[in-house]
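Enquirer: Mind looking over this structure? Questions follow.
The values are calculated or read from the model by the stated rules, or taken from the named source; none is laboratory data. All figures in this text were calculated on a predicted structure; none of them were measured in a lab. So basically every Cβ, Gly included, is an ideal-geometry build from the backbone, and we count neighbours across all protein chains shown. When the accessible area is computed, the model is the full protein with side chains, heavy atoms only, and any ligands, DNA or RNA have been set aside. Shrake-Rupley method; radii C 1.70, N 1.55, O 1.52, S 1.80 Å.
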Amino acid sequence: MAEPVIIDCDPGHDDALALLLAAGDQRLRLLGVTTVAGNQTLEKTTRNALRILALAGVPDVPVAAGCARPLVGELTVAEDIHGASGLDGPDLDGPVGEAAGVHAAELMRRLIAGAGGPVTLIATGPLTNVALLLRAHPEVVPRVRRVVFMGGSTERGNTTPYGEFNIVTDPEAADIVLRSGLPVTMIGLNVTHQALATEEVIAGFLAMGTRLGVICAELMTFFASAYRRVFGFEHPPVHDPIAVAAVLDPSIVRTVAAPVAVELAGAYTRGATVVDLHRRTGRTPNAEVAVGLDVAAFWRLLMDAVGRLDQAP
Ligand code: BDR
Ligand code: CA
């Protein structure tokens with residue numbers, strides 16, 4: 001039986017691949033997609049999600065826009081990485097569908113309440129919408145099987161020396177999710193930096209011979225140039241689809257239970273995830289933390305899913 005999931009995201013090049021992986025693998029039932037401000041403004045991340053779902057051939061998956069800014073403070077978008085549109089690279093112009101006329105937290109509530117069984121939430125952007133759902137609709141929390149989020153790191157950050165973008169963007173939201181008592185899995189930079197979109201990956205997308213394959217190749221080519229310019233990386237890490245892969249096939253990611261806290265007050269470290277891997281604090285683990293990735297299996301999963309989606313040249 002396919003696992004029912006909702007993806008909360010801020011597309012974003014790697015969010016786009018996360019959506020394609022979820023849409024292209026029959027082991028998941030994509031109940032809905034909710035959007036949050038992060039990589040770009042809410043208006044842009046919502047349009048991008050609608051575009052990607054249309055390209056994937058699943059335009060009927062409901063989409064709802066959520067929070068336009070973090071719970072506390074102002075939004076800083078990642079235009080240096082994802083461009084002015086949030087999905088720079090390919091020409092994605094063309095008609096898009098419309099988002100549902102309800103807030104993301106309300107769409108999540110409805111989908112969870114109506115699912116007839118527990119639902120997994122996969123978050124690939126700042127955790128603002130997820131935190132809001134947990135606080136505003138506690139009645140559906142028991143029906144959430146678990147939250148799997150891309151964010152944080154057991155090591156260093158990418159937005160500040162110790163802070164990763166999704167957590168730095170909304171530390172309070174991440175704190176709410178990590179303290180919720182729900183089963184939580186954290187997919188941090190320490191594993192996502194192993195999944196690199198190399199020239200072979202880009203060639204693999206092109207070899208599909210489909211419009212979607214070309215679009216993925218163009219997305220990754222832009223992403224590569226941004227990572228080269230900003231971080232000096234030879235190849236860009238494709239973070240977000242690993243959170244989807246971890247739900248699809250848990251053997252792809254190795255996790256350990258650990259206490260995870262979010263630094264909310266540090267002068268230099270606000271938004272850092274403080275992961276007690278060696279269990280020195282005596283605190284009770286509140287998350288399964290990814291520490292290993294089967295890189296080859298991950299790419300197989302992703303390429304197979306994208307290859308299945310669009311057969312049109
Ligand atoms: C995360 O930040 C965003 O730019 C990516 O989409 C990913 O979710 C990586 O730090
Ligand atoms: Ca993202």
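Enquirer: E155 to H278: extension gain in nm, 0.36 nm per residue of separation minus the Cα-Cα distance?
Expert: Length gained, E155 through H278: 43.0 nm.
Enquirer: Still on this structure, I have one more. Given a 1.4 angstrom probe, I'd like the percentage of the accessible area of the chain that is carbon and sulfur, rounded to a whole number.
Expert: 53
Enquirer: Could you provide, to the nearest whole Å², the per residue accessible area of segment 3-311 with probe 1.4 Å?
Expert: 39
Enquirer: Taking K and R as +1 and D and E as -1, what net charge do the other residues with C-beta under 12 Å from the C-beta of E263 add up to?
Expert: Overall, the nearby charge balance is -2.
Enquirer: A further question follows. Starting from the Cα of E74, step 7 Å along the direction of its Cβ; do the same at A265; then give the gap between the two resulting points in nm.
Expert: Roughly 2.5 nm, to one decimal.
Enquirer: May I pose another question? If you count the DSSP beta bridges with both ends in the chain, what percent of them are antiparallel, to the nearest 5?
Expert: 30
Enquirer: Students often check this: by mean Cβ neighbours within 10 Å, which of 216-226, 253-263, 68-78 ranks highest, and how do the rest follow?
Expert: Descending mean neighbour count gives 216-226, 253-263, 68-78.
Enquirer: Here is a follow-up. Binning at 5 angstrom from zero up to the longest distance, how are the C-alpha pair distances of segment 65-210 distributed in percent?
Expert: Using 5 Å bins, I get a P(r) of 2, 8, 14, 18, 18, 15, 13, 9, 2, 0 for segment 65-210.
Enquirer: Could you work out the local net charge near G12, counting Lys and Arg as +1, Asp and Glu as -1, over the other residues with Cβ closer than 10 Å to its Cβ?
Expert: Local net charge: -3.
Enquirer: What residue among V33, V130, V230 shows peak mean-square fluctuation when the chain is described by a Gaussian network model with Cα springs under 10 Å?
Expert: Evaluated over the chain, the most mobile residue of the options is V230.
Enquirer: Compute the whole-percent fraction of alpha carbon pairs in the chain spaced more than 38 Å apart.
Expert: That tail contains 6 percent of the Cα-Cα pairs.
Enquirer: Around V306, with a cut-off of 12 angstrom between Cβ atoms, what is the net charge of the other residues, counting Lys and Arg +1 and Asp and Glu -1?
Expert: 0
Enquirer: Another question about this same structure. If you stretched the chain out fully between R27 and F231, how much longer would it get, using 0.36 nm times the residue separation minus the C-alpha to C-alpha distance?
Expert: Using 0.36 nm per residue and subtracting the Cα-Cα distance, I get 69.9 nm.
Enquirer: Magnitude of the Cβ-charge dipole of the chain, K/R +1 and D/E -1, about the Cα centre, nearest 20 debye?
Expert: In debye, rounded to 20, the chain gives about 880.
Enquirer: Here's another thing I want to ask about it. Report the one residue of H235, G266, A224 whose Cα lies farthest in the direction of the positive end of the charge dipole of segment 191-290 (charges on C-beta: Lys and Arg +1, Asp and Glu -1; origin at the Cα centre).
Expert: Highest projection toward the positive end goes to G266.
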